[in-house]
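Q: One structure is given below, represented as structure tokens, and several questions about it will come after.
Please treat every number below as a calculation from the coordinates, not as lab data. Just so you know, these numbers come straight off a predicted model, no measurement behind them. Every residue, glycine as well, gets a Cβ built from its backbone with ideal geometry; the counts of neighbours run over all protein chains shown.
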Amino acid sequence: METTIPTVPTPDDAALWHEGVLYLADQRLLPDRAEFLRLTDAGAVADSIRAMVVRGAPAIGVAAAYGVALAGRDAYAAAGGGWKAAIESDLARLAASRPTAVNLFWAIDRMRRLIARLDERDPFPALVDEALAIHAEDRAANRVIGDLGAALIEARTDIITHCNAGAIATGGYGTALGVIRSAYAAGKVGRVFADETRPWMQGARLTAWELMHDGIPVTLQADGAAASLMAGRSVGWVIVGSDRIAANGDVANKIGTYGLAILAKHHGIKFMVAAPTSTIDLEVASGREIPIEERDPDELLSCGERRLAPAGCVARNPVFDVTPAELVDAIVTERGVVLRPTKEKIRALMGGWGL
Ligand code: MRU
């Protein structure tokens, strides 16, 4: 949003655009320190996405859109009327920052469509307007998703969420946490159980921070604690976000989501995925085609500064998994709700586009 910059970021002001500068709350530091990073070129935006300064699929897309605007300004300064060729290296750098969240590629493609319509004059104002629109539209979409998702929850219940799909992971308000916020406002949420989400601890650091900021009752639990919670008390829904939804309704999300979906099915608990349509990728037929990011094993071998595993220990660190569509009760988007998703229902939601 084009606005003034508060000194301390809040969940709903985690990405701000002000006088040609992108301000991002540094999510690596939260909740201990709430600080903005000031980004003035596309390379810095790409580095921030890769380093998890900004994370969460829609927020990555929003940041990348602003990154394209900065790239356009620099390309025009360097090459004048030849800016369209000069911008390509920055677009490639942004696209290479992380592989799984399709919102990144969706946002770059949307900016590319605008670039194709522009002439040789300075593209910066038009690119900024488009990035601001992507940001505002995502925030608005999340309000709709919140209302539609909350309407699916019949009675006051406890909810499990995994990772962080909140305001800071999006353009604002959140997807899964947007549903939880709207449901809480409607008196439908008893307590939220937030999985801590090893190894980056998005649940412990970010989801707990966001929900506590809003006064929504939240209990943190180890990722492995979900099964016993489901067996022992009245959890009505698991609600998560997504990084990419395939054309058949398979859902890529933070590692551990698939296990939660199996547990939910076993215990008769409903499983909701809340995501904007910019997360739906009709070009991948099923979840098997979704590229799953593998990060540095050191993220798992250590906790903060402390090494946990013995020297020489081998670790694998896939940071997303794929939940098959048959385990999903509802995909909630700003265009509507898809119950028990199938290829045909996803195609109908997207208006047949791309298939
Ligand atoms: O690795 P991250 O923190 O970028 O992963 C984020 C998630 O998996 C979220 O659940 C997903 O992007 C939805 S965010 C609205």
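Q: So, in the chain, how many Lys pairs have Cα atoms under 30 Å apart, if the pair is 8 or more places apart or on different chains?
A: Lysine pairs, 8 or more places apart or on different chains, close enough: 12.
Q: With +1 on each Lys and Arg Cβ and -1 on each Asp and Glu Cβ, how big is the dipole of region 144-350 about its Cα centre, in debye rounded to the nearest 20?
A: Approximately 480 debye in magnitude.
Q: Hey, rough spin-label estimate for Arg335 and Arg347, points 7 angstrom out along Cα→Cβ, what's it come to in nanometres?
A: Roughly 1.4 nm, to one decimal.
Q: Measure out, as a whole number of angstrom, how far apart the alpha-carbon centroids of region 12-47 and region 189-226 sit.
A: Going from one Cα centre to the other spans 23 Å.
Q: Name the residue, out of Arg38, Arg198, Arg316, whose mean-square fluctuation peaks in a Gaussian network model built on the chain with Cα pairs under 10 Å.
A: Checking each option, the largest mean-square fluctuation is seen for Arg316.
Q: Another question, then. Given the options Val238, Val45, Val218, state which has the largest fluctuation in a GNM of the chain using a 10 Å cut-off (strictly under) for Cα springs.
A: Sorting by GNM fluctuation, first place goes to Val218.
Q: Here's a follow-up. Classify region 144-350 as rounded, prolate or oblate, taking a ≥ b ≥ c as the square roots of the eigenvalues of its Cα gyration tensor: rounded when a/c is under 1.5, otherwise prolate if a/b is larger than b/c and oblate if not. Please report the intermediate quantities before stating the final value.
A: Values: a/c = 1.67, a/b = 1.19, b/c = 1.41.
Here region 144-350 falls in the oblate category.
Q: Let me ask something else about it. Taking the Cβ of Arg307 as the center, what net charge do the other residues with Cβ under 13 Å away carry, scoring Lys and Arg +1 and Asp and Glu -1? It would help to have the intermediate numbers written out before the result.
A: Values: positive: Arg306; negative: Asp298, Glu299, Glu305.
Result for the neighbourhood of Arg307: -2.
Q: To test your reading of the geometry: what angle, between 0 and 90 degrees and rounded to tens, separates the Cα axis of helix 124-152 from the longest principal axis of the chain?
A: Roughly 10 degrees between the two axes.
Q: Taking the 0 to 90 degree range and rounding to the nearest ten, how far is the long axis of helix 176-185 tilted relative to the main principal axis of the chain, both from C-alpha atoms?
A: Relative to the chain, helix 176-185 is tipped by roughly 60 degrees.
Q: Shifting gears a bit: What's the extension gain from Ala133 to Ala78 if we count 0.36 nm per residue and subtract their Cα-Cα distance? If you can, show how the numbers build up before the last one.
A: On the way: separation 55, 0.36 × 55 = 19.80 nm, distance 2.62 nm.
Separation in residues times 0.36 nm, less the Cα-Cα distance, equals 17.2 nm.
Q: Hey, got the dipole for region 188-302? About the Cα centre, +1 on K and R Cβ, -1 on D and E Cβ, debye to the nearest 20?
A: Charge dipole, region 188-302, about its Cα centre: 700 debye, nearest 20.
Q: Further question on the same structure: Under the rule of -39500 (n - 2.57) per DSSP H run of 4 or more residues, summed and divided by the residues of the chain, what mean residue ellipticity at 222 nm is obtained, to the nearest 500 deg cm²/dmol?
A: Helices in the chain give a 222 nm mean residue ellipticity of -11500 deg cm²/dmol.
Q: Find which of Gln27, Leu16, Ala86 sits farthest along the positive direction of the dipole of region 15-139, computed with +1 on the beta-carbon of Lys and Arg, -1 on that of Asp and Glu, about the Cα centre.
A: Gln27
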